[in-house]
Amino acid sequence: MRFWVDAWDPAYGTSADPDAVGASGATIDPAVELPAAQWRAIPAPVVAAPAAVHFVDGVRRVDAHVWIDGADGAVAGLAASYAAGVVSCRAGAARADVVDVRRGLFTPAAGATDLRLGPVTYRLRRAGGDDDFQLSRALQNAMAAAEVDCALRARTDGDDLVVLDGPLAARGQLARVLGMVKTHRSTYLEPALNALVRRLGAGERTPVFRLGGDWVRCSWYLRLPGRPGAPWAGIVRVECPDLPPADVVALAGLSQVVLPRYASVEHKDQRAPQNLYPIGGLERLLRRRLGDPLLLDRTLRRAAAAARSPEAVPV
């Protein structure tokens, strides 16, 4: 397989910069738990925490943008490293139970194959197109699949709670699972309901609402404990699968008991309190496990040059 490595730093995208536009078509049902006219801040219930909480996260890094030689010209792709892992918290102790590092060549190129570079292999992963959006989506989906694999390997009991960093998306197939969204790029609630979010006290949440769209799930806003600041300081949006209302409300209450326990503080984490301690520690561990980006870049460039030489054998 003949290929080239783009000279641009992967952190800046490709030298060809196509536009990628996305829009949310979510529909909202605010009456899952309470009618909209009765919305109010809901305090944390008095319930027992689960014996084990598994915090799941993944990291990704584009090692190089590549161009793969094909019958109709060069086709774009990504050589990327990604990792997933689980920090399990039991009886006051936290441990990284599972860490899984993978590498992939993401491209729709018909003639693409695995890139075997000595001890490192970038497994071929088919993408739906060679624009930045489709390549990034394929990488994100692969990382999400690795996160699900890790969560299934870490869970030891049906009553364990799994907390995923970010929205559920396809990862919502897990049982007793919560997705925690730290950043708020979209407004889901109408103004009268949205105004309740800024009035939440530490540990309080909004009533549950249902989000429709590409996938249906239930959600609520929760304020984590932290230093007072901007109106939305310490606010996270929590998701769970679209379950019977009683089960959703039980999970919402459990989130109020579990998540505030792990809220970070500003002098230890710049993303406090939303970047929970187990998630922050796991991110640092996973990024170290991805390997040296300069060494991988040099290895990819050497392999590309060798593949294009007249005496080259298939990579």
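The values are calculated or read from the model by the stated rules, or taken from the named source; none is laboratory data. In this text, all values refer to a predicted model and were calculated from it rather than measured experimentally. With ideal geometry, Cβ positions are generated from the backbone for all residues, glycine too; neighbour counts draw on all protein chains shown. To get the accessible areas, we keep the full protein, side chains included, count just its heavy atoms, and leave off ligands, DNA and RNA. Shrake-Rupley method; radii C 1.70, N 1.55, O 1.52, S 1.80 Å.
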Task: Efficiency of FRET between Q173 and L124 - r from beta-carbon atoms, R0 25 angstrom, step 0.05 - done: 0.50
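Count the net charge of all other residues whose Cβ sits under 14 Å from the Cβ of Y277, scoring Lys and Arg as +1 and Asp and Glu as -1.
Net local charge, Y277 excluded: +1.
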- [ ] Considering only DSSP beta bridges where both residues belong to the chain, give the percentage that are antiparallel (nearest 5).
- [x] 80
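Please sort by residue number the trypsin sites (Lys or Arg not before Pro) in region 152-242 whose DSSP state is loop and whose Cβ has at most 15 other Cβ atoms within 10 Å.
Listed in order of number, the matching sites are R185, R199.
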- [ ] Check each of the chymotrypsin sites (Phe, Trp or Tyr not before Pro) in region 154-249 and keep only those in coil by DSSP with at most 15 other C-beta atoms within 10 angstrom; list them in order.
- [x] W215, W232
Task: Principal-axis tilt of helix 277-289 within the chain, Cα atoms, nearest 10 degrees - done: 10
- [ ] Determine, from the Cβ-Cβ distance of R271 and T113 and an R0 of 45 Å, the FRET efficiency 1/(1 + (r/R0)^6), rounded to the nearest 0.05.
- [x] 0.70
Open item on the list: If I fit a long axis through the Cα atoms of helix 293-308 and take the longest principal axis of the Cα atoms of the chain, what angle between them do I get, 0 to 90°, rounded to 10?
Closed with: 40
Task: Charge context of R153, other residues only, Cβ under 9 angstrom, K/R +1, D/E -1 - done: -2
Open item on the list: Using only the heavy atoms of the protein chains and a 1.4 Å probe, how would Y262, Y82, Y277 rank by accessible area, largest first?
Closed with: Y277, Y262, Y82
Task: Charge-dipole axis of region 98-200 as Lys and Arg at +1 and Asp and Glu at -1 on Cβ define it, positive-most pick from M143, A175, L161 - done: M143
TODO: Express in nm, to one decimal, how much length is gained between F133 and A93 on full extension, taking 0.36 nm for each residue of separation and deducting their alpha carbon distance.
DONE: 10.4 nm
TODO: Classify region 202-305 as rounded, prolate or oblate, taking a ≥ b ≥ c as the square roots of the eigenvalues of its Cα gyration tensor: rounded when a/c is under 1.5, otherwise prolate if a/b is larger than b/c and oblate if not.
DONE: oblate
Open item on the list: Which three extents, in angstrom, do the Cα atoms of the chain have along their principal axes, listed largest first?
Closed with: 73, 41, 36
Open item on the list: Placing +1 on the Cβ of each Lys and Arg and -1 on the Cβ of each Asp and Glu in the chain, which of G229, A94, H184 has its Cα farthest towards the positive end of the resulting dipole?
Closed with: A94
TODO: Decide, for region 115-190, between rounded, prolate and oblate: order the square roots of the alpha carbon gyration tensor eigenvalues as a ≥ b ≥ c, take rounded if a/c falls under 1.5, and otherwise choose prolate if a/b is larger than b/c, else oblate.
DONE: oblate
- [ ] Work through the residues other than A44 whose Cβ is under 12 Å from its Cβ and net out their charges, Lys, Arg +1 and Asp, Glu -1.
- [x] +2
- [ ] Report, in degrees rounded to the nearest 10, the 0 to 90 angle that the Cα long axis of helix 132-154 makes with the longest principal axis of the chain.
- [x] 60
Open item on the list: Roughly how far apart, in whole Å, are the Cα centres of region 110-178 and region 27-95?
Closed with: 10
- [ ] Mind giving me the FRET efficiency for V216 and V46? R0 is 25 Å, r the Cβ-Cβ distance, nearest 0.05 is fine.
- [x] 0.25
